[in-house]
Amino acid sequence: MDYISQIEKLYSFFNLSLSIKEKQIVFNIKKKFSNDLNLLGCYIKDFLTIENNGKISQDNKIYNDFIVCFEKYCTKSESYDFLTRVDKLGEYFLDIVFERSSHRVLSNTISTINSLYYIEAYPYLIELIEKYFNQEINGNLFNLMLTFLIDTVIKNYDNPKQEVLDYTKLKLGINKQISNNLNERLAI
């Protein structure tokens with residue numbers, strides 16, 4: 001999909017609305033994405049999926065949806081933190097796209113997802129990485145969730161009649177698997 005016009009409008013909005021400090025974050029994001037507006041558009045769409053609890057933005061609505069999200073979560077004092085999060089999750093997105101990870105299980109997960117072209121898993125994986133690095137989940141749970149993610153993606157890929165699992169379905173399915181796994185362990 002061609003996201004160039006959507007991202008250019010977003011940059012225009014930032015130029016008119018942000019402080020110098022906030023514009024620096026946007027400049028850093030632009031630099032990290034090597035000014036590839038289509039790649040940045042893909043990321044912003046995934047970011048919005050995370051922020052909107054699985055609701056996927058239409059390709060031609062990315063600008064509008066981002067502005068609504070930005071204004072919803074940002075007073076002047078919070079906009080810097082919001083943009084910092086956009087920047088950080090953008091790093092995770094690029095790590096997935098370019099398969100940059102020294103974490104063995106994460107690296108295998110990314111490689112599997114990319115080799116199967118299962119980009120629908122990106123928002124879930126980005127959120128999972130964020131929770132791990134923010135220490136909201138421990139290493140064991142992170143590895144378990146990554147393993148379940150790989151299993152789910154492979155099962156879905158192997159069954160061509162099955163619909164593609166989006167963020168919400170992936171999240172629900174993996175949470176159910178974790179719950180079942182924990183219940184089995186407690187029953188022993």
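The values are calculated or read from the model by the stated rules, or taken from the named source; none is laboratory data. Keep in mind that what you see is a predicted model, and the values were worked out from it rather than measured. When we count neighbours, we look across all protein chains shown, and the Cβ atoms used for this are built from the backbone with ideal geometry, even at glycine. Just so you know, the surface numbers come from the protein's heavy atoms only, side chains and all, with ligands and any DNA or RNA stripped out. Shrake-Rupley method; radii C 1.70, N 1.55, O 1.52, S 1.80 Å.
Annotations for the structure displayed:
- One residue alone among 58, 24 is out of contact with any Leu (no Cβ under 6 Å at 6 or more places or on another chain), open to solvent by 20 Å² or more (accessible area, probe 1.4 Å) and under 22 Å from residue 169 (Cα atoms), and that residue is 58.
- Of all residues in segment 33-53, those that are within 22 Å of residue 168 (Cα to Cα) have Cβ atoms under 8 Å from Cβ atoms of residues that are hydroxyl-bearing (Ser, Thr, Tyr) and in a helix (DSSP H, G or I), 6 or more apart or on another chain, in 46/122; 49/167; 50/167; 51/73; 53/168.
- The lone exception for residue 63 - which of (1) in contact (Cβ under 8 Å) with a residue 40 or more places away in the chain; (2) closer than 27 Å to residue 24 by Cβ; (3) open to solvent by 60 Å² or more (accessible area, probe 1.4 Å); (4) not β-branched (Val, Ile, Thr) it fails: (3)
- Inter-residue pairs, beta-carbon under 6 Å, first closer than 17 Å to residue 51 by Cα and in segment 126-145, second modelled with pLDDT under 95 and surrounded by 14 or more Cβ atoms within 10 Å (Cβ to Cβ), 6+ apart: 128/145; 131/137
- Scan of segment 39-66 for residues that are part of a helix (DSSP H, G or I), within 13 Å of the chain's Cα centre (by Cα) and of a type in the set (Val, Ile, Thr), ordered by number: 44, 49, 50
- Identity of the residue in segment 72-81, assigned to a helix (DSSP H, G or I) and touching a Ser or Thr at 6+ places or on another chain (Cβ under 9 Å), that ends up surrounded by the fewest Cβ atoms within 10 Å (Cβ to Cβ): 73
- Some residue of segment 165-186 being open to solvent by less than 70 Å² (accessible area, probe 1.4 Å), among the aromatic types (Phe, Trp, Tyr) and closer than 19 Å to residue 44 by Cα: yes
- Apart from one condition, residue 166 fits all of (1) modelled with pLDDT of 80 or more; (2) within 17 Å of the chain's Cα centre (by Cα); the exception is (1).
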